[in-house]
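S.K.: Got a structure for you, written out below as C-alpha cells; questions coming shortly.
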Amino acid sequence: MLWLGLTAIAFTIIHDAVLLYKRRWWDLAWVCHLSSAIIGVGCIFDWPYVVGIAVVWLFVGLTLWIVGLLTSEDFLPTSTLTHVGGLVIGVIYISQRGMPDGVWWRGILILIAIQHLTRFCTPAQENVNLAFFVSKGWESWFPTYPRYWLMLKVASIIMYLIAEFGLRALFGEPSSA
C-alpha cells in the first residue's frame, strides 16, 4: 500500500504548492485537501479506519466542490488531484482492505472538531470548511448559519452512511489479520 499512500501524499503536496504560490494558505485547511494526505498516511501505515474516514469526507467534499465550481468558485486544475485523485486512491485501498464499520460517526465527530478548529486558524471571509457563514446562493434557503450548519451535518451523515455501507457492501470489512 506504500505506492498508494505516497501517490495520495504527492497529490496533496502538488496542490498545496500551488495554493501557497497563489498565497492562499488558508485553503490548505479544507477537509478535502487534508483528506488526500490522510488517505496517504492511512495507506502507508495500513490503517483502514483512517482511510475510511477520509474517503467518506471526500464523498461529501467532492459533491460540495462540484457544486461550488458550478456556482461561483474558481477552478484550480490541481484541486482535481486531491478531490478526485485522493478519493480514487482511497477507494482502491478499500477495495483491497475493506471498509470498516462505524467510520460515518467517527468522521462526523472529527469533521465537527476540524470545523471548529478552522474558525480559529483561518480568515472568516474565506469560509474554509463552511465554518463561518452560509455560502453564497444559499441565503434564501438558510437565513441563519445554525440552520445551514445543521443541514450540512445531516446531509453529511446521510452521505457518510451511504458511502460506508455501499463500500462495505462492495468490498466487505477489513480482515482482523
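Computed from the coordinates by the stated procedures, all read-outs in this text should not be read as laboratory data. As the structure is a prediction and not an experimental result, all values here were calculated from the model. Every residue, glycine among them, receives a Cβ derived from its backbone with ideal geometry; neighbour counts consider all protein chains shown.
S.K.: Can you pull the one-decimal nm distance between simple spin-label points at PHE165 and GLN96, each 7 Å off the Cα toward Cβ?
M.R.: 2.9
S.K.: Need the full-extension length gain, PHE45 to LEU6, defined as separation in residues times 0.36 nm minus the C-alpha distance. One decimal, nm.
M.R.: So the extension gain works out to 12.9 nm.
S.K.: Next up: Putting +1 on Lys and Arg Cβ atoms and -1 on Asp and Glu Cβ atoms, find which of SER36, PHE133, ILE89 reaches farthest to the positive end of the dipole of the chain.
M.R.: The one lying farthest along the dipole's positive direction is PHE133.
S.K.: Something else about it: Let me make sure I get this right: for region 40-120, a, b and c are the square roots of the gyration tensor eigenvalues over alpha carbons, sorted descending. Under 1.5 in a/c it's rounded, otherwise prolate if a/b > b/c, else oblate. Which is it?
M.R.: oblate
S.K.: Next question. By how many nm would the segment from ARG24 to PHE133 lengthen if fully extended, with 0.36 nm per residue of separation less the alpha-carbon distance?
M.R.: On the way: separation 109, 0.36 × 109 = 39.24 nm, distance 1.91 nm.
My answer for the length gained is 37.3 nm.
S.K.: Here's something else I'd like to know. Sort region 98-161 into rounded, prolate or oblate with this rule: let a ≥ b ≥ c be the square roots of the eigenvalues of the Cα gyration tensor; rounded if a/c is under 1.5, and if a/c is not under 1.5, prolate when a/b is larger than b/c, oblate otherwise.
M.R.: Because a/c hits 1.5 or more and a/b fails to exceed b/c, region 98-161 counts as oblate.
S.K.: In Å, what Rg and Dmax follow from the Cα atoms of the chain?
M.R.: Answer for the chain, Rg first and Dmax second: 15.9, 52 Å.
S.K.: Then there is this: Report the extension gain between LYS153 and ILE13 in nm, rounded to one decimal, defined as 0.36 nm multiplied by the number of residues separating them, less their alpha carbon distance.
M.R.: 47.6 nm
S.K.: In the chain, with Lys and Arg counted as +1 and Asp and Glu as -1 at Cβ, which of these residues, LEU170, PHE120, THR7, has the Cα nearest the positive end of the dipole, that is, farthest along it?
M.R.: Selected residue: PHE120.
S.K.: Rank these for me by crowding, CYS43, CYS121, CYS32, going from fewest to most other beta carbons within 10 Å.
M.R.: Ranked by crowding around the Cβ, least crowded first: CYS121, CYS32, CYS43.
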